[in-house]
Amino acid sequence: MISASPDARALLARAMDHHRSGRLGEAEQDYLGVAAAGYRRVEVMRLLAGLADADGRLELALARWQEVLAGASSDVQALVASGALLHRLGRWNEAAAAFEAAAARAPEHPQVVAYMGVVLFDAGRGGTADGMAAPPIEPFVQLRMRRAVAAVVPFWHIPMMNDDARNDAFERAIVRAVTARGPSARVLDIGTGSGLLAMMAARAGAAYVDSCEAVPVIAKTAQRTVELNGYADRVRVIAKKSTDLVLGADIAEPADVLISEVLSSDLLTEGLLGTFEDALRRLVKPGAAVIPQAVTAVGCLAGGAALERLAAVGTVSGFDLSPFSALACPRLPIWRKSPPWTRLSANFDIVHLDLTASEHPAYLARMAVPVASDGIAVGVVQWMLVRLDADTALATHTEESQDDGSWLRILHTFARPVRVTAGQAIELIVGHDRMNLVITSA
Ligand SMILES: C[S@@+](CC[C@H](N)C(=O)[O-])C[C@H]1O[C@@H](n2cnc3c(N)ncnc32)[C@H](O)[C@@H]1O
């Protein structure tokens, strides 16, 4: 039993009265007096930690929780609170250690379940074998951790790696470029992902392969994958965005071969143009091989009842909901024939980009597209023709019904569906603003 002077007890009662009434400054002064008197110190320290946390004095709040832990090291609430503060202060590894200690004592504690995944992820342990395998991981924690990973690792990575047609086409061009430049070839692979294309370059005989990856957890996994496959002596993975690479510091010399697969299904949104322009300006030798060399957005006019129902709304249950069509998404993904759509024109080239050019200014142009079938054109279904080198090209899609690779087709919807008749031509405006294709009816 802790004995207390009547003064300390009265001070605590007064502190609690201040606290209840919202007089937090007075409450804190009195609690400090109680703590100094040594009366119910651990409980009072918890209240003091809460007061400091509430008005953003994070370091002080942490120090107070740590004092609680010094007297009661298995206090789960103190572990969780100090873990959350360490996380807010960016002290990722200490935060993870605090949450792990809490999880060891109370794996189902709601705050442990809620935050553990994110904390482990931020400590660099999400999505990697060490983080995922550390048993026991409570299912909610595991789900949160996987969701934290998914927030920075888009779903298409795995189908992309399993896309043999894509991989083989890149490897053909990589082998040709590396062989042509001989064993001293230096390669730069921008956006290495799993490290696949960088390892292909090493397997083709490149002496040095610098690769970079902007997403830290992906870069870390690429590093492991390169080690796993025995290429760590020739492939370096730099966890940086290419535009932040410093020549002479991150990479020793400009490259003889540039490889970069940063092609989103809609061509531009992964920052293709800025990435290539910067690399050509700073990171590769004049005359370096560039893979891919060019890319063309290809497409056709598309319609059909299913597309119309995705792109616009009219009368529903007797109500006119058409104003909502103004909010319709300008781009929709199409996976094979889902949703089903009808071709209303032959294929046409929409935008062509020479990736060896030093600049790609935004532009808009008018284009007349001959209509092949009657129908309501909802927009243009777009895919890509990727020119890897003089001898290798890869069409991301060919036939509507084909078992496609990993890229999606994209439906670029018109602001309003347009009725079209076979034999006429529809006027489109096409171009890009460097980050987005523009494809719309004139
Ligand atoms: C489409 S994936 C390709 C991965 C791998 N090169 C392959 O072909 O299997 C593109 C990767 O590049 C990364 N990335 C995109 N732009 C980048 C840049 N400018 N610098 C570094 N990484 C980039 C993305 O995070 C993503 O992991």
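The values are calculated or read from the model by the stated rules, or taken from the named source; none is laboratory data. Here the structure is a predicted model, which means the values were calculated and not measured. Cβ: placed from backbone, ideal geometry, glycine included. Neighbour counts: every protein chain shown.
Scan the range 84-101 and report the pairs whose first residue is closer than 17 Å to L58 by Cα and in a helix (DSSP H, G or I) and whose second residue is at pLDDT 90 or above and among the acidic types (D, E), with Cβ atoms within less than 6 Å and a gap of 6+ or a chain change.
L86/E94
When you scan the range 346-442 for strands (runs of 3 or more DSSP E) that lie fully inside it, which ones turn up with 2 or more residues that are surrounded by fewer than 20 Cβ atoms within 10 Å (Cβ to Cβ) and hydroxyl-bearing (S, T, Y)?
Numbers: elements: 348-354, 363-370, 375-387, 393-395, 409-420, 425-432, 437-441.
The qualifying strands (runs of 3 or more DSSP E) are 437-441.
Quick check on the range 169-192: of everything there that is surrounded by 13 or more Cβ atoms within 10 Å (Cβ to Cβ) and free of Cβ contacts under 8 Å to residues at least 40 places away in the same chain, which residue is nearest to the ligand (Cβ to nearest atom)? So that I can check it myself, show each step before the final result.
Here is the first cut: in the range 169-192, the residues surrounded by 13 or more Cβ atoms within 10 Å (Cβ to Cβ) are 169-179, 181, 185-192.
Next, only the ones that are free of Cβ contacts under 8 Å to residues at least 40 places away in the same chain stay: 171, 175, 179.
Working: E171: 11, V175: 15, T179: 20 Å.
Result: E171.
Give the residues of the range 204-224 that are within 11 Å of the ligand (Cβ to nearest atom) and in a helix (DSSP H, G or I), sorted by residue number. Show your work before the answer.
Start the filter on the range 204-224 by keeping residues that are within 11 Å of the ligand (Cβ to nearest atom), which leaves 211-219, 221-222.
If the condition is that a residue be within 11 Å of the ligand (Cβ to nearest atom) and in a helix (DSSP H, G or I), then P216, V217, I218, A219, T221, A222 are the ones that fit.
Kindly evaluate V34 against the criterion of being β-branched (V, I, T), outside any loop (DSSP other than H, G, I, E, B) and either touching a Ser or Thr at 6+ places or on another chain (Cβ under 8 Å) or under 19 Å from L79 (Cα atoms) (or both).
On the way: β-branched (V, I, T): yes; outside any loop (DSSP other than H, G, I, E, B): yes; either touching a Ser or Thr at 6+ places or on another chain (Cβ under 8 Å) or under 19 Å from L79 (Cα atoms) (or both): no.
In short, no.
Any idea how many residues of the range 322-338 are under 25 Å from the mean Cα position of the chain (by Cα) and charged (D, E, K, R)?
2
Given the residues A201, A249, A232, which is the only one that is at pLDDT 95 or above, in contact with a strand residue (DSSP E or B) (Cβ under 9 Å, 6 or more places away or on another chain) and either within 15 Å of the ligand (Cβ to nearest atom) or part of a loop (DSSP other than H, G, I, E, B) (or both)? So that I can check it myself, show each step before the final result.
Details: A249 fails: in contact with a strand residue (DSSP E or B) (Cβ under 9 Å, 6 or more places away or on another chain); A232 fails: in contact with a strand residue (DSSP E or B) (Cβ under 9 Å, 6 or more places away or on another chain).
On inspection, the qualifying residue turns out to be A201.
What number of residues within the range 253-286 satisfy the criterion of being more than 8 Å from the ligand (Cβ to nearest atom), acidic (D, E) and either buried (at least 18 other Cβ atoms within 10 Å of the Cβ) or closer than 17 Å to T396 by Cα (or both)?
Residues that pass the stated criteria total 2.
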